[in-house]
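First the structure, then my questions, so here it is.
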Amino acid sequence: MEQIKDCAEKIITNVEKVIIGKHKPVQMTVLALLCQGHLLIEDVPGVGKTMLARAIAKSIGCTFSRLQFTPDMLPSDVTGVSLFNQKTREFEFREGPVFAQIVLTDEINRATPKTQSALLEAMGEHQITVDGTTYTLSRPFLVLATQNPIEYEGTFPLPEAQLDRFMLRINLGYPSKTDEASILEAQRMIHPVQEITQAVSVEELLDAQEQAKSVYVDDLVKEYIVLLVDASRHHPDVYLGASPRGSLALYKTGQARAAIAGRDYVIPDDVKALAEATMAHRLIISPAARIKNVDPREVVQELLDSVPVPGTRVRM
């Protein structure tokens, strides 16, 4: 596990030269990378969402592309298009931005559902099908999507199938006063993202991804994951609970979190620390609960408080 821990720490340290004072969100991004999952960053403009994606790409030496989603964007603007070559008299496929290893989709909820769905196959199966031909995407492949939770005008809420493809949902939040002063000083002459260099190789990351799969998960911890997810399906304020993909997300991120901590086994605290980020965006709150402004994150916290860890006993 030392190799995974060392790889993760190098990436985190490098990214934190750019993203100051946000250790947990940076760690969550690296977790998604180790689990070959995708990340949804939901936050207000200007807090560093784009810079986080660029810093991650530069830290690994991956190819990076940025998609600014707008209502008039077409699916072919994402996946690519076949064009007729007059010289060869044949159709040639021109790859779209999704063929990069780190893909930043800015304001994903501004595109129409048809364009949003162009990402589904890429995120779920790491491939793209255009005009009947399937193209395999490079590894590693990470979609970092951002959306603004405040401004709803001119937006198309992500459908459940799209939300379910994201392994984690995080937010960065505003920096503290001290951190904001450090940001001002760091960017006085040049933006730090232009100066950071590659911290690990793509091969090192791929090795770490494979090794993370071997982290031991006890049957009792698996049972705890299943109990939490199942409880979300029977909560009175929830219309639609977390899917089995949510269980897998909690399982895999738990393995990665344990590895980053230098352990070769998962503990219940790993599950508790990741429950909100992996489950909250998968819960559909019932209309009656929505009127009362029930937040999915509050529901997850209730589940953590009410679902006992299997194998433990209450101290009398």
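The values are calculated or read from the model by the stated rules, or taken from the named source; none is laboratory data. Predicted model only: the values in this text are computed from it and were never measured. All Cβ positions, even for glycine, are placed from backbone atoms using ideal geometry, and neighbour counts span all protein chains on display.
With the structure loaded, tell me whether residue 183 is of a type in the set (A, V, I, L, M) and either assigned to a loop (DSSP other than H, G, I, E, B) or touching a residue at least 60 places away in the same chain (Cβ under 8 Å) (or both) or whether it fails that test.
For residue 183, the condition - of a type in the set (A, V, I, L, M) and either assigned to a loop (DSSP other than H, G, I, E, B) or touching a residue at least 60 places away in the same chain (Cβ under 8 Å) (or both) - is met.
While we're here: Any residue at all in the range 160-170 that is within 16 Å of the chain's Cα centre (by Cα) and small (Gly, Ala, Ser)?
yes
Please enumerate the residues belonging to the range 169-192 that are among the basic types (Lys, Arg) and at pLDDT below 85. Step through it out loud before you land on a result.
Initial filter on the range 169-192 (among the basic types (Lys, Arg)): 169, 177, 188.
The answer is 188, and nothing else.
Now, a different point. Going through 288, 277 one at a time, which residue ends up being surrounded by fewer than 17 Cβ atoms within 10 Å (Cβ to Cβ) and either at pLDDT 95 or above or not in a loop (DSSP other than H, G, I, E, B) (or both)?
288 is the lone residue from the list that is surrounded by fewer than 17 Cβ atoms within 10 Å (Cβ to Cβ) and either at pLDDT 95 or above or not in a loop (DSSP other than H, G, I, E, B) (or both).
Tell me which residues, restricted to the range 9-23, are under 14 Å from residue 195 (Cα atoms) and of a type in the set (D, E, K, R).
Hits for the range 9-23 are 16, 17.
Can you go through 256, 275, 261, 280 and tell me which one is in contact (Cβ under 8 Å) with a residue 40 or more places away in the chain and closer than 19 Å to residue 311 by Cβ?
Being in contact (Cβ under 8 Å) with a residue 40 or more places away in the chain and closer than 19 Å to residue 311 by Cβ holds for just one of 256, 275, 261, 280, which is 275.
For residues in the range 58-109 being surrounded by 16 or more Cβ atoms within 10 Å (Cβ to Cβ), of a type in the set (D, E, K, R) and touching a residue at least 40 places away in the same chain (Cβ under 8 Å), which is nearest to residue 147 (Cα to Cα)?
Applying the filter and picking the extreme gives 107.
Residue pairs, Cβ under 7 Å, 6 or more apart or interchain, first in the range 284-299 and touching a residue at least 60 places away in the same chain (Cβ under 8 Å), second part of a loop (DSSP other than H, G, I, E, B). List them.
Filtered contacts from the range 284-299: 299/235; 299/237; 299/283.
Hey, another quick one. Give me the residue from the range 201-215 that is at pLDDT 90 or above and not in a helix (DSSP H, G or I) and, out of that set, surrounded by the fewest Cβ atoms within 10 Å (Cβ to Cβ).
Ranking the qualifying residues of the range 201-215, first place goes to 214.
State whether the residues of the range 218-237 include one that is buried (at least 19 other Cβ atoms within 10 Å of the Cβ), not assigned by TED's automatic domain parsing to the domain that holds residue 297 and not in a loop (DSSP other than H, G, I, E, B).
No, the range 218-237 contains no residue that is buried (at least 19 other Cβ atoms within 10 Å of the Cβ), not assigned by TED's automatic domain parsing to the domain that holds residue 297 and not in a loop (DSSP other than H, G, I, E, B).
Now, a different point. Of the residues in the range 67-95, how many are among the aliphatic types (A, V, I, L, M) and part of a strand (DSSP E or B)? Spell out the reasoning first.
Our first condition is that a residue be among the aliphatic types (A, V, I, L, M); within the range 67-95, this holds for 67, 73-74, 78, 81, 83.
Now narrow it down to the ones that are part of a strand (DSSP E or B): 67, 81, 83.
Selection size over the range 67-95: 3.
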